[in-house]
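Asker: Just passing along the structure, written as structure tokens.
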Amino acid sequence: MTEQRRRRPGRRPGSLDTRGEIITAARGVFAEKGFDKATVRGIAREANVDPALVHHYFDTKEGLFVAAMQFPVEPSVAVPMILAGPREEMGERLIRFILTVASDEDRRAPIIAMIRSAMSNEQAATMVREFLGEAVLQRLAQGLGVDPIRIEAAFGQMIGVVMLRYIVKIEPIASATPDELVALLAPTLQRYVDP
């Protein structure tokens, strides 16, 4: 039988790394269009798969971005975790969360790579800005009922600490214990999140 079959989108036959190909396509689309303008449908088209398959592997565009950019935390999990608990302990939870993630070398590497890329490449800066703004900062601000600038200022301070501690390695901040940094920084971060 010489019937030509039309290839249908979706799961491919054989042992191809479909998930990996979606991630590769997503990296290209995110790099070209940024987080806001990239769509699951466009990424699926680039990977030559059905959009439902993208959702099957990654659930949401955020989840795909996390996988494609090797972001060390899933915002849909991290944000509710940070918001859970007494409001008067929010500053401490924020700094402990960042220090916990950054202290793990495997989780820290993509953060450092994103910070470095964002500092030297406008396209990377746009992607990081859009993703962090939409997936993390906006959600935290809404969850706390505060002006977004307060959350941005808190994260700005924490990113500065991560840079000094792990990139520039300025002493004594580089060798301070997490508890020392929490004691030092939590009250300042708490001021940002208090209404």
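Quick note: the coordinates plus some simple rules give every number you see, no bench work behind them. Bear in mind the structure is a predicted one, so any value in this text is a computation, not a measurement. Neighbour counts are summed over all protein chains in view; Cβ atoms, including those assigned to glycine, are modelled from backbone coordinates with ideal geometry.
Asker: Considering the values [x] 36; [y] 41; [z] 44, which represents percent of Cα pairs over 25 Å apart as calculated for the structure under consideration?
Answerer: [z]
Asker: Taking the Cα centre of the stretch 36-152 as origin, sum charge times position over the Cβ atoms of Lys and Arg (+1) and Asp and Glu (-1), and report the length of that vector in debye to the nearest 20.
Answerer: About 100 debye.
Asker: Quickly estimate the mean residue ellipticity at 222 nm for the chain, helices only: each DSSP H run with n ≥ 4 gives -39500 (n - 2.57), and the total goes over all residues, rounded to 500.
Answerer: Rounded to the nearest 500, it is -21000 deg cm²/dmol.
Asker: A further question follows. On a straight-distance basis, which lysines could pair with K61 in a cross-link, Cα separation under 23 angstrom, same-chain partners fewer than 8 positions away excluded?
Answerer: K61 reaches K33, K37.
Asker: Name the shape class, rounded, prolate or oblate, that the alpha-carbon gyration tensor gives for the stretch 59-141, where a ≥ b ≥ c are the square roots of its eigenvalues, rounded holds for a/c under 1.5, and otherwise prolate holds if a/b is larger than b/c and oblate otherwise.
Answerer: prolate
Asker: Mind running the shape call on the stretch 94-195? Use the C-alpha gyration tensor, a ≥ b ≥ c as the square roots of the eigenvalues: rounded below 1.5 for a/c, prolate if a/b tops b/c, oblate otherwise.
Answerer: Judged from the Cα gyration tensor, the stretch 94-195 comes out oblate (a/c at least 1.5, b/c at or above a/b).
Asker: Could you tell me which of A124, G85, V49 has its Cα farthest along the dipole of the chain towards the positive end, charges placed at Cβ (Lys, Arg +1; Asp, Glu -1), taken about the Cα centre?
Answerer: Sorting the options by dipole projection puts first V49.
Asker: First select every other residue whose beta carbon is under 15 angstrom from the beta carbon of A113; then total the charges, Lys and Arg +1, Asp and Glu -1.
Answerer: Its environment carries a net charge of +1.
Asker: Assuming R0 = 41 Å, what is the FRET efficiency of M81 and K37, from their Cβ-Cβ distance, to the nearest 0.05?
Answerer: 0.90
Asker: Another one. Could I have the simple spin-label model distance between V168 and E134, label points 7 Å from Cα toward Cβ, reported in nm to one decimal?
Answerer: For the pair V168/E134, the computed spacing is 3.2 nm.
Asker: Please give the charge dipole size of the chain, origin at the Cα centre, charges +1 on K and R Cβ atoms and -1 on D and E Cβ atoms. Round to the nearest 20 debye.
Answerer: Around 860 debye, computed over the chain.
Asker: For the stretch 151-178, list residues with backbone N below 19 Å from a point placed 7 Å from the Cα of E105 toward its Cβ?
Answerer: 162-170, 174-178
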